[in-house]
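These notes are about the structure you will find just below.
A short reminder: the numbers here are calculations on the coordinates, not readings from a lab. Predicted, not measured: the structure shown is a model, and the values here were computed from it. Please note: Cβ atoms are built from the backbone with ideal geometry, for glycine as well, and neighbour counts cover all protein chains shown.
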Amino acid sequence: MSSSAKSIEQLEQLYKFSEVINRSSALDDVYEQALVAIKKLLKVDKAAILLFDSDGVMRFKDYLGLSKKYRKAVEGHSPWKKDTKNPAPVLVSDIKREPTLTHLKKTILSEGIQSLAFFPLLAKDSLIGKFMIYYNVPHNFTPEEIELATIMGRHISFVINKRKVSEEFLNSINDGITIQDISGGLVFVNNTAAITSGYKSAEEMLKNPKKWVNRFELKDEQGNPFELDDLPGRKALRGISSQALIQYKDLKLGISRWVVIKANPAFDEEGKVKMSINIIHDVTERMELEKRKDEFISTASHELKTPIATLKGFAQILEMQVKDQNSKYYLSKINGQIDRLSMLVNDLLDVSRIQSGKLRLKKEKFNIGQLVEEVASDFHLVKNSHKIVVKNGIPKKYIYGDKFRIDEVLKNLLSNAIKFSPRSDKIIITLKSNPKDLVIAVRDFGIGITKRNIERVFEPFFQPSNRIRQSFSGLGLGLYISSQIVEQHRGKIWVDSKKGKGTTFYFSLPVN
Amino acid sequence: MKKILVCDDDDGISEVIKVILEGAGYNVGVLNNGRSIQKKITQFKPNLVLLDLWMPGIDGKEITKILKKNKNFSKIPIIVVSALNDTRKIALDCGADDFLSKPFEMNSLLFMVKKYTS
C-alpha cells in the first residue's frame, strides 16, 4: 500500500476510534474500545491503560493479553509520578539489550514481551496515567507510529477527563445518583449513593453491580413491602418516568432511612430504553419529624382527655346525687363547662391533625342510617332540649367511610342546630339517596345565618358575632373540621339559611 | 350481682367508673396495669371487662387479642376505653366487643355496661 493510502486508512481508523470512544457511556467501555483500536492501528501484541489511583500509584485500568502474574509484578513500578512534568514517551525497542530495566527484565521477558513503549495520558498539563504497548519481538518505533500513538493518547485523555469532570460534578451533589443498565445492574453510582448505601466508595459498590438489591429491605409509606418491579428505577427501564417514597432498611448495618427516588429512562438512537437514571433524595429527617408530630398529637390527646374524663364523671355523679337546688345548678354549670373544655380539646387536636396532614380516615363499610339514628338518640339521652326527628324514616344504606369521623360531623351539625335555636324545640334530619351519593340534611328553626356570614361559616376560627355565640363560644373550628372530613371523603358540604327562620346544613357522601 | 373489671392505669378514671357503676348496683374490681389481667380475671370472674388501650408498657390491643384467643376468657365481653378516637376500628379489629371514648357521658357508660351484661 502506498504511504498516502496508508495514511488515509489510518486517519479513517483514527476518526472511527475517536467516534467510538466518545460514544461509550461508561469509562470501562472507553478503555476497552481504546485498547482494541490501539491493537488495530499500531499492530501491537499486548496493550494496557494505567491511571493513577487516589494514592498516586499507577494501576491497570484495562489490558489486552497480559497475565495476572505480570500485572501484579509490574504494577506500581512506573518511573512516572503524579507530579512528573512533560513526560516524553518512553520507547524500548529491545528489552534484552536495555540496560535500565534491571529488576523487571526477567518478569517482562518471561511474559513474552521483547519490546515496549509507553505514552503519557494528560489532563491539561498534569499526568493522569499512561498507555502501554508491547510487542513479542524486538520492534523499531517509527516516527509515524510515535505520532499516531501520541494522537491516540490525547484522544483517550480527552474522553477520560471529560468523564472525570462530570463524575466530580455528580459526586459533589448531596443526592444519590445511580445509573442502571437494561439488566438492572448498576453502571454508575456517585459517592453519595454509595455512602448512603453503606459502602465505602463508589468503586466498592460497583464491584457487585447487582447485589445491592439483596442488602436492603424496602417498604412503602404504609409499611407494606415494596415490590422490586415497582421501584422507579425498574419502571424507568420499562420506559416510565416516576417517583416514589420508600423506606429502606440496610440489613447489614441495621439502619432505616427514608428516600424519595425519582427515575427517568435514557433512550438510544433507535428510541429503545438503554438505561435508567435515578436520583435519590434523603427525606429521613422530614419523616421522623412527621412521626414525632403524630406521636405528640396522640400523647397530647390522651393526656388532656384523661383528667377531663375524670372531672366529667365525678361532676355528673354529684349532679345526680345532690338534693339542694343551688348545688344542682352549680354542678350543671360545671358539667357544661367540662363539655365545652372537652370540645375545645377535640377541636384543637383535630385541627392539629388536619394541618399536619394527619387526618387519615379509617374507612369501613357501615350503615349510615343506623349511625344517624344512634347519634340522634344519643343527643336525646344527653340533651333533652330539642326533639330530633329523622324524617321519612331511616333507610338501610351502607357507605364506605370513616364511621367515627362522620359521627363527628353529625354531632357537630346537631350541636350547632341546638345551640343556634334556643327558642325552638325541633330539629329535622333527612337522608336522601341518589344514584351517586347520599345527602344528609340537618335543619333547625333558629336564628339563621346572615347573608354576609354564610360564605364564611366553614372557615377555621370563624364565629358569628351575636349574643348566642358569646354564651357558648368554642374555637369556631367545628364546621371547618366537618368540612375537611366531608371533603376527605370526596363529598360536599353546603348551607342554606334565612335570618330569623332557620338553617339547613347539607353534606353528601359518595356511595360506591 | 354482675361483676365488672376495670383495667386502667389512671386512678382517677378507674375510681370514677367504679363509683358510677357501684351506684348502679354492680360489683366493681379495679386493676391498674395489664400485666396481671389474666390472673385477676381468673380470680374475680367478671361478666365484663372495661379495658384502657393506652397504658404504659402493655398494649391494650395485644391484651384484647390474647384474651379473645384464650378459651377461658374469650366469652367475656371487652369494652375498650380510650381517649384516642381513631383507634376505634383498630380495637374492634382486635376482637373487642365495643368501644367507649373518653371523656364519656355517665349515661353512655351505664347504657353500654347494661347492654353487655344482660
Legend entry - residue A:296-residue A:360 FRET efficiency (beta carbon distance; Förster radius 22 Å; 0.05 resolution): 0.90
Legend entry - Extension gain, residue A:136 back to residue A:240 (0.36 nm per residue minus Cα-Cα distance, nm): 32.2 nm
Legend entry - For the protein assembly as shown, alpha-carbon Rg and Dmax in angstrom: 39.6, 129
Inset, instruction - Using the structure shown, select from A:211/A:272; A:312/A:333; A:82/A:106; A:40/A:96; A:68/A:106 the pairs with a Cα to Cα distance greater than 21 angstrom. - result: A:211/A:272; A:82/A:106; A:40/A:96
Legend entry - Principal-axis tilt of helix A:3-23 within chain A, Cα atoms, nearest 10 degrees: 20
Legend entry - Helix A:368-382 vs. chain A, principal-axis angle (Cα, 0 to 90°, nearest 10): 50
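Suppose the chain between residue A:281 and residue A:266 were pulled fully straight at 0.36 nm per residue; how much longer would it get relative to their current alpha carbon spacing?
Working it through step by step, the gained length comes to 3.4 nm.
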Inset, instruction - Would you please classify the overall shape of region B:3-117 from the alpha carbon gyration tensor, given that a ≥ b ≥ c denote the square roots of the eigenvalues, rounded means a/c under 1.5, and beyond that prolate means a/b larger than b/c while oblate covers the rest? - result: rounded
Legend entry - FRET efficiency for residue A:208 and residue A:15, using Cβ-Cβ distance with R0 set to 41 Å, rounded to 0.05: 0.65
Inset, instruction - Within region B:24-67, which residues have the backbone N less than 17 Å from the label spot 7 Å out from residue B:3 along Cα→beta-carbon, could you tell me? - result: B:25-32, B:36-51
Inset, instruction - Round to the nearest 10 and give me the degree value, 0 to 90, for the angle of helix A:325-355's Cα axis relative to the longest principal axis of chain A. - result: 20
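What FRET efficiency do you get for residue A:200 and residue B:70 if R0 is 51 Å and r is their Cβ-Cβ distance, rounded to the nearest 0.05?
Calculated value: 0.45.
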Legend entry - Computed lengthening from residue B:110 to residue B:24, 0.36 nm per intervening residue step minus Cα-Cα distance: 30.2 nm
Legend entry - Per-residue [θ]222 nm for chain A (sum of -39500 (n - 2.57) over DSSP H runs n ≥ 4, rounded to 500): -14000 deg cm²/dmol
Inset, instruction - Evaluate the distance, in nm, between pseudo-label points positioned 7 Å from the Cα of residue A:463 and of residue A:144 along their respective Cα→Cβ axes. - result: 9.9
Legend entry - Pairwise centroid distance, computed over Cα atoms, of region A:138-195 with region B:79-109, Å: 65
Inset, instruction - Return, for the Cα atoms of region A:264-405, the radius of gyration and Dmax in Å, separated by a comma. - result: 25.5, 94
Legend entry - Integer Hz, Karplus 6.51/-1.76/1.60 couplings in order for region A:427-433, x for Gly and Pro: 9, 10, 10, 10, 10, 10, 9
Inset, instruction - Give the cross-link partners of residue A:69 among the aspartates and glutamates, using a straight C-alpha distance below 13 Å as the criterion and excluding same-chain residues fewer than 8 apart. - result: A:111
Inset, instruction - Please go through region A:45-138 and write out the trypsin sites (Lys or Arg not before Pro) that DSSP classes as loop and that have at most 15 other C-beta atoms within 10 Å. - result: A:81, A:82, A:85, A:124
Legend entry - Value of [θ]222 nm, deg cm²/dmol, for chain B, DSSP H segments ≥ 4, -39500 (n - 2.57) each, nearest 500: -12000 deg cm²/dmol
Inset, instruction - Anything over 25 Å Cα to Cα? Flag those among B:3/B:102; A:391/A:499; A:383/B:89; A:210/A:262, in the order listed. - result: A:383/B:89
